1. Computed FRET efficiency, Cβ-Cβ of D19 and W57, R0 22 Å: what is it to the nearest 0.05?
2. Within the chain, report the GluC sites (Glu not before Pro) that DSSP leaves as loop and that have at most 15 other Cβ atoms within 10 Å.
3. From the phi angles alone, apply the Karplus equation (6.51, -1.76, 1.60; θ = phi - 60°) to segment 43-57 and give each ³J(HN,Hα) in whole Hz, x where the residue is Gly or Pro.
4. Let me check against my output: what whole-number percent is the relative contact order of the chain, with C-alpha pairs under 8 Å and at least 6 apart?
5. How many percent of the accessible area of the chain is carbon or sulfur, using a 1.4 Å probe?
6. Given H placed 1.01 Å from N in the peptide plane, which residues other than close sequence neighbours of V3 have an amide H under 5 Å from its amide H?
7. Given [x] -0.24, -0.91; [y] -0.37, -0.86; [z] -0.30, -0.93 as candidate values of log10 I(q)/I(0) by the Debye sum over Cα atoms at q = 0.11, 0.22 Å⁻¹, which corresponds to the one derived from the coordinates?
8. Trypsin sites (Lys or Arg not before Pro), restricted to the chain: which are DSSP loop and have at most 16 other Cβ atoms within 10 Å?
Amino acid sequence: FQVTSDLVDPSGKAVFMHDLPAHRGEEVTADVLDGPASIAFQQAENKLYSAMAVLEWCCDASAA
């Protein structure tokens, strides 16, 4: 199974999400991952902030 531009909705109503890291050419083509319907990099940024918050919570909990 591979996500290609043929599978992406041409109307622009759908978005492509991926938790990253993505294997370009295996599970998703580069034109989809870098295309206008992709929000994979915004999703990865949100994941970063979530992970940072969990680490901060763990450090605060261990100090108590």
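The values are calculated or read from the model by the stated rules, or taken from the named source; none is laboratory data. Given the structure is predicted, the values throughout are model-derived calculations rather than measurements. All Cβ positions, glycine included, derive from the backbone under ideal geometry; neighbour counts span all protein chains shown. Calculation scope for accessible area: heavy atoms of the full protein, side chains included, ligands and nucleic acids excluded. Shrake-Rupley method; radii C 1.70, N 1.55, O 1.52, S 1.80 Å.
1. Working: r = 21 Å, r/R0 = 0.96.
Once the sixth-power term is evaluated, E becomes 0.55.
2. Working: sites: E26, E27, E45, E56; in loops: E26, E27.
The qualifying sites are E26, E27.
3. Per residue, the Karplus-derived 3J(HN,Hα) values read 5, 5, 5, 5, 5, 4, 5, 5, 5, 5, 5, 5, 4, 5, 4 Hz.
4. On the way: 51 pairs, mean separation 21.2, N = 64.
Value for the chain: 33 percent.
5. 62 percent
6. Residues meeting the amide H criterion: V28, T29.
7. Given [x] -0.24, -0.91; [y] -0.37, -0.86; [z] -0.30, -0.93, the calculated one carries the label [y].
8. The qualifying sites are K13.
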